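Asker: Shown below is the structure under consideration.
Each value in this text was obtained by applying a stated rule to the coordinates, not by laboratory testing. Computed from a predicted structure; not experimentally measured. Glycine also receives a Cβ, built like all others from the backbone with ideal geometry; neighbour counts cover every protein chain displayed.
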């Protein structure tokens, strides 16, 4: 532990790698060689972050790395028992996934398009409802707390339980939705299907908005509490109406909040697995074939984990690009608008 | 900074490699823990709890006999295959487990299940005890079976005697054209002739398979390659989807069914006919009077049920498999022997309303009621096993989904034509990879 270290450690010691020269402390210590301490001190910060680093590796980086490794392998049912033996396929899994003229790539592209449309609609409406409700509830009135609690309920309930209730309500024969729309209001000539066929897209968007808009409301309400009342008062004295206040005070003040909120909503919605899975079961109808479900089907149900991993990696890359671009663009416009 | 990056990269690589090796198999298992077994049972009863109540007394019997404690977990069907896959890839799983018999070849290909070779069969009492048709669905031809059958099932045509009488129909249909004619007579006033489970992938492919057989077609060729979109398979799928699409003897709403709602509709008298495996116990549990329904063989195109194009049911059932990584191999085989013994076969299949997969137990008079006689006949004379190929589970998923989509088209009133069926099936075939 003591003597041999001096010959090997200097080359590794962070920041003190200039050979076994005389350290200030080493002479004073006399008999005890304190060199290890000197090197150790340089390592202390690293040692302190080491547990966090290891956990980060374990929880985030390793699964991602394993996923990336898997995406280069032919990991089918023949090899899942012994992953190491699965043959390498190079970029084959990727080639199949992005070959949009072949059925697998075409299906992936289609699913991607549906997911984009779904995300735009779901995030857009969630945000719109959130901001509308937040503005309406900005001034205190009797029953505001109750209303707030009511609006928050969808967000507070467990996803599975609420979505399964939606699935019951959307049933063709006995569902509440058809009962109201068809039996009571006579809006359609015959009851519609909401869980299969093209309407499944509508169902998905509605359930997703219902589930996510309270979060937008929560965040926007919190953001609005930071807008000083004086600004509204001053603008009122200057003769600004409600719309002008919203346009010139509320929205600009919420800009940093919105930047994060929209990003978070986008990522959650784009990656949403629970809602379509609980709503449609393992095989989603073509109109509701969101990318997360699609990838699940491409790997778990057809037992081709390499292919599924490749699609996941592509998704990860796409989300990275979108996120970075989004942050770059919104940050720049924010900076310029602040000038 | 660069050093840290290098260190992270190194650790990542090492851990990633370790992760990859995590699935490394530890051989054929040993006998390190001879006193306990973990058993994953599939959901055969009306609920997971029902299964527990039915199985627990038997497991206690086994414990008294052998001193081995069996930890029971009833796994719902929606999770079972995923759980098995996870167990296979991690090497951590049960000792003994139930599998749907159509998965046999697919799971056999993973190498995660203990093959039943001659010595293993000898340890559980011999291969010739089992009913031959049930053994046909335990793995790929020419390989040692990956499992042994414990519950055998077959499809039958369940019909509502009251509704038949009211419509003036004397006998249940024997051919599909008769079924459609009868179905049209029975479809009136909110009631339909037939109930189908249109969004249930497994049900869909079971019927597609039998219809294909009757059209002289198969979904896989002899080499195990998919032939999903041949004229025969297209005609088969179309004939089944047409019950909603053009015959209109099943309700459009059935296209959405995936949780046995069709059984409920039949039990409630909303539908007059149902194609199902051993539905008797379920119908009783749903409150249908046993005198109100009858069972007939599933119809054929022409003539009588038999082999070849006379096939009218798949070999349905549940198999019992031993996980290769078991730490109690001997105990696991003892348990398999116990579960496939004559006594237990009679008790368990009696409880579930299924048929014993062991010939001697099948002779028991309790399996000779009118319902089980029809199913037994079908299983013995006119049943075929689903393709025993590794890609079977992909076939279930892809063709099952294609049929679900076709049913959705039919339900929405869009035309289902030979071309549209052909196109969907071709797409499903092209999505088979590897």
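Asker: Shielding by partners for A:70-82, please: the mean number of other protein chain Cβ atoms within 10 Å of each residue's Cβ.
Answerer: 6
Asker: Right, next: Calculate for the protein assembly as shown the 222 nm mean residue ellipticity that helices alone would give, adding -39,500 (n - 2.57) per DSSP H run of length 4 or more and normalising by residue count, nearest 500 deg cm²/dmol.
Answerer: -17000 deg cm²/dmol
Asker: Let me check I have the definition right: for the stretch A:119-311, take the eigenvalues of the Cα gyration tensor, multiply each by 5, take square roots. What are those semi-axes in whole Å, largest first? List each step's numbers first, then the result.
Answerer: Values: eigenvalues 275, 99, 37 Å².
Working through the eigenvalues yields semi-axes of 37, 22, 14 Å.
Asker: Here's something else I'd like to know. Post the alpha-carbon centroid distance, the stretch B:279-351 to the stretch B:189-216, in whole angstrom.
Answerer: Each part's Cα centre sits 19 Å from the other's.
Asker: For a quick check, take a GNM of chain B with Cα springs below 10 Å and name the residue from B:341, B:33, B:357 with the largest mean-square fluctuation.
Answerer: Among B:341, B:33, B:357, the largest GNM mean-square fluctuation belongs to B:33.
Asker: Once you average over the residues of A:293-306, how many Cβ atoms of partner chains fall within 10 Å of each Cβ?
Answerer: If you average over the peptide's residues, the count of other-chain Cβ atoms is 4.
Asker: Per-residue Cβ counts within 10 Å, from other chains only, averaged over B:389-400: what number is that?
Answerer: Rounded to a whole number, the mean comes out at 3.
Asker: I'd like the distance separating the alpha-carbon centroids of the stretch A:190-236 and the stretch A:254-305, in whole Å.
Answerer: Computed from Cα coordinates, the inter-centre distance equals 18 Å.
Asker: Report Rg(Cα)/(2.2 N^0.38 Å) for chain A, keeping two decimals. Can you show the working numbers first?
Answerer: Numbers: Rg = 28.3 Å, N = 339, 2.2 N^0.38 = 20.1 Å.
Normalised by 2.2 N^0.38 Å, the Cα Rg of chain A equals 1.41.
Asker: Over chain B, with a Gaussian network built from C-alpha contacts below 10 Å, which listed residue (B:207, B:215, B:69) shows the highest mean-square fluctuation?
Answerer: Greatest mean-square fluctuation among the candidates belongs to B:69.
Asker: By how many degrees, between 0 and 90 and to the nearest 10, does the Cα long axis of helix B:48-66 differ from the longest principal axis of chain B?
Answerer: Roughly 50 degrees, rounded to the nearest 10.
Asker: Between B:302, B:64, B:227, which gets the highest mean-square fluctuation from a Gaussian network model of chain B, Cα cutoff 10 Å?
Answerer: Sorting by GNM fluctuation, first place goes to B:64.
Asker: Sorted by mean Cβ packing within 10 Å, highest first, what order do the peptides A:302-310, B:71-79 take?
Answerer: So the order, starting with the most tightly packed, is A:302-310, B:71-79.
Asker: Using alpha carbons only, how many angstrom separate the centre of the stretch A:130-177 from the centre of the stretch B:370-413?
Answerer: Their Cα centres are 41 Å away from one another.
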